[in-house]
1. Condition test on Leu616, is it crowded, with 23+ Cβ neighbours inside 10 Å, closer than 28 Å to Asp504 by Cβ, in contact (Cβ under 8 Å) with a residue 12 or more places away in the chain and more than 30 Å from the chain's Cα centre (by Cα)?
2. Quick one: what pairs do we get from the stretch 103-129, first residue within 22 Å of Gly78 (Cα to Cα), second of a type in the set (Gly, Ala, Ser) and in a strand (DSSP E or B), C-beta under 7 Å, 6+ apart or different chains?
3. Please give the number of the condition Val625 fails out of (1) surrounded by fewer than 21 Cβ atoms within 10 Å (Cβ to Cβ); (2) more than 24 Å from Ile503 (Cβ to Cβ).
4. Quick one: is Asp75 among the charged types (D, E, K, R), under 17 Å from Gly391 (Cα atoms) and crowded, with 24+ Cβ neighbours inside 10 Å?
5. So which residues in the stretch 600-619 are assigned to a helix (DSSP H, G or I) and of a type outside the set (Asp, Glu)?
6. Tell me which residues, restricted to the stretch 590-599, are open to solvent by 70 Å² or more (accessible area, probe 1.4 Å) and part of a loop (DSSP other than H, G, I, E, B).
7. Taking the stretch 85-104, which residues are under 22 Å from Val558 (Cα atoms), at pLDDT 95 or above and in a loop (DSSP other than H, G, I, E, B)?
8. Working only within the stretch 188-236, note down all residues that are within 24 Å of Ser295 (Cα to Cα) and of a type in the set (Phe, Trp, Tyr).
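The values are calculated or read from the model by the stated rules, or taken from the named source; none is laboratory data. As the structure is a computational prediction, the values presented were derived from the model and not from experiment. Every residue, glycine among them, receives a Cβ derived from its backbone with ideal geometry; neighbour counts consider all protein chains shown. Calculation scope for accessible area: heavy atoms of the full protein, side chains included, ligands and nucleic acids excluded. Shrake-Rupley method; radii C 1.70, N 1.55, O 1.52, S 1.80 Å.
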Amino acid sequence: MLLRSRGVVAGLAAAAAFVTGVVGCGQHQDSCYGPTNKVEHVRHVKRMQPGAPGAAYGPKGPLEWGQVNFLHTTDTHGWLEGHLKEQNYGADWGDFVSFSRRMKHTARSMGVDLLLVDTGDLHDGNGVSDATTPDGTKSMPIFSEIDYDLLTIGNHELYVTEVAYQMFNEYARKWGDRYVTSNVKVLNQTTGQYEYVGATHRYFTTAKGLRIMAFGVLFDFTGNSNASQVLKAKDMVKESWFADALASKQPVDMFVLFGHNPVRQTDRASTFQTVVDAIRRAHAKTPVQIFGGHSHIRDFSVYDDASVAIESGRYCETLGWVSVSGFDASNSGFRGVVPNPRGVRNPSRPARPGSRSPFVYSRRYLDWNRKTFIYHSRVGGGEGEFDYHSGERVTGDIGKVRDELRLGDVYGCAPQDWCISCAPFTDKKKNIFPGVIFPAVSAVVLNKTRADRSRMILGNTGAIRFDLHKGPFTYDDNFIVAPFRDVFLYIPDVPFDKASKVIDQLNKGPVSKRRDLVSMPVPEDECTNPTLGYMSRRDIREERGVVRRQEAVVPGYVTKDDWGTDGDDTEHSEIPNYTIPPYWEARASFPKDGSNPDKVDLIFFDFIKTKVLNDLGAGYTDDMVQCYVNCSFSSQDFMLPYAKLAWQENKDNCPVV
């Protein structure tokens with residue numbers, strides 16, 4: 001499978017000439033990262049985006065359907081095209097449109113409820129979202145094609161003022177009371193007052209009569225622009241509207257507590273326990289179903305006998321599934337089948353052993369690919385009968401956006417994979433930081449008027465958001481690897497002895513909060529705690545008998561949560577995961593004899609300016625800081641020039657492996 005580009009770059013000499021002229025990127029943005037080389041895609045998989053790989057094999061067995069069932073997305077970050085270079089996650093948003101409609105139809109035919117929930121972070125991570133101004137201009141209409149029952153806001157909707165206004169003025173209005181933001185307000189530019197982005201809570205009755213009260217709670221985020229306000233959870237539960245909601249005489253059969261908020265109670269960012277405790281003071285036994293996000297992991301956590309929580313990964317890699325049974329006329333208004341739908345597997349596990357609650361649950365983490373979607377949608381005709389016209393239309397819309405934004409334009413052919421955390425941070429052959437980021441910023445981040453000065457470049461590891469895969473390096477990959485617009489600043493002529501100590505001080509101090517758990521050493525960020533049992537071969541029971549897979553198990557998620565290791569819908573082998581430091585340093589133009597210079601230009605992202613000044617200490621003030629290349633040149637602008645410099649071999653005939 002090939003992505004072919006038209007046009008030839010005349011070797012490394014021409015590429016090097018391009019790099020030395022990169023100082024002009026801010027004034028001539030197309031020369032930095034704009035469209036140049038048109039890509040001709042070859043379709044090898046039915047539907048999905050052209051060229052996206054299909055999964056090697058499918059799920060381990062059917063889902064357990066209960067009386068009320070949930071599909072959960074979180075931290076999609078604009079990945080609506082799916083993963084064009086990863087077979088486990090090749091489905092696009094159009095495939096999810098078809099799947100969600102199929103699953104809704106299945107629920108209706110069974111006489112049960114199915115609710116769709118999203119817990120935010122829709123921006124920053126992919127060109128479909130980030131190649132427009134403001135971010136989300138093209139991606140948000142596509143995202144809105146899913147008929148969600150509940151949605152809430154993430155912190156990545158609040159960093160940039162224009163994005164916060166986008167959510168407040170457009171999408172909160174579109175989604176109405178389904179968009180629940182219990183502790184987030186945005187400035188109404190008309191009234192001059194801060195107002196809740198969406199509803200503070202939602203009370204509604206499902207198709208089968210289940211009466212639900214929902215709260216949408218963002219973690220105690222502090223990195224927002226002044227266009228928004230985030231109320232701490234401990235203060236939110238003291239608000240009069242919250243007390244009135246819990247004291248309402250309207251019967252509540254289930255609370256849904258959802259938010260961009262880690263579900264693990266021991267996670268210092270999580271505030272769900274505060275809200276659960278407040279609910280329990282008024283409703284001791286009513287089930288509380290929790291949906292979280294933010295930490296980019298698969299996780300399932302038990303809060304009490306009638307309260308469980310799921311977190312469903314990131315980047316359209318995972319679709320979460322939860323089912324619940326135990327409702328009848330004595331404890332609810334449920335009008336569907338009792339005790340369970342027939343002809344399918346049903347949830348049977350209490351929240352924890354010895355529970356006296358009548359409610360039982362199941363949970364599953366689905367890989368985001370068409371093989372998974374087709375299998376679980378139970379369509380008899382398989383591939384040929386799966387797609388709805390609406391799903392095909394959305395797939396086409398994604399393709400049109402990619403073409404319009406020229407996201408498939410190829411800038412180089414990456415000769416191998418580099419990862420963020422599957423190899424030690426010092427591994428130059430496999431880790432993306434010493435393997436790609438350090439040489440890239442050393443070569444490209446250059447002020448020509450100071451090219452003779454030694455320089456040290458500092459950044460936070462959380463600014464690099466995804467692994468770099470072997471194959472065509474496209475305009476889209478530029479956003480996938482480095483989606484943020486962090487401007488390169490500098491202080492000239494800093495004594496080397498002082499500058500060289502900053503990196504250690506940064507890594508010993510508190511971590512900058514915007515990237516939060518992505519830039520911190522979180523062992524669970526990629527794949528949580530594998531067991532040998534999950535790495536071995538075994539018979540896989542599928543709906544139509546026993547099938548022994550002949551394919552090798554491919555690397556992917558191997559998850560351990562409060563219920564053990566049986567939550568992953570598809571069997572995978574472990575991906576190694578190493579701790580990485582919060583900050584990195586690269587050096588350039590140092591003396592060739594190996595000695596240290598007397599002074600260096602100290603270059604750093606504007607995002608970490610305050611920390612750098614603090615670590616430099618007395619005598620270093622804000623007025624000493626200048627833009628390094630220019631005041632537009634940012635962390636989005638060094639990868640494409642580097643690809644033109646380093647990865648031109650096989651560029652015009654570069655395979656996706």
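1. For Leu616, the condition - crowded, with 23+ Cβ neighbours inside 10 Å, closer than 28 Å to Asp504 by Cβ, in contact (Cβ under 8 Å) with a residue 12 or more places away in the chain and more than 30 Å from the chain's Cα centre (by Cα) - is not met.
2. Thr119/Gly292
3. Among (1) surrounded by fewer than 21 Cβ atoms within 10 Å (Cβ to Cβ); (2) more than 24 Å from Ile503 (Cβ to Cβ), the lone unmet condition for Val625 is (2).
4. No: the conditions fail for Asp75.
5. Across the stretch 600-619, the qualifying residues are Phe607, Ile608, Lys609, Thr610, Lys611, Val612, Leu613, Asn614, Leu616.
6. Lys592, Asp593, Asn596, Asp598
7. Residues satisfying the conditions are Gly90, Ala91.
8. Correct list: Phe215, Phe219, Phe221.
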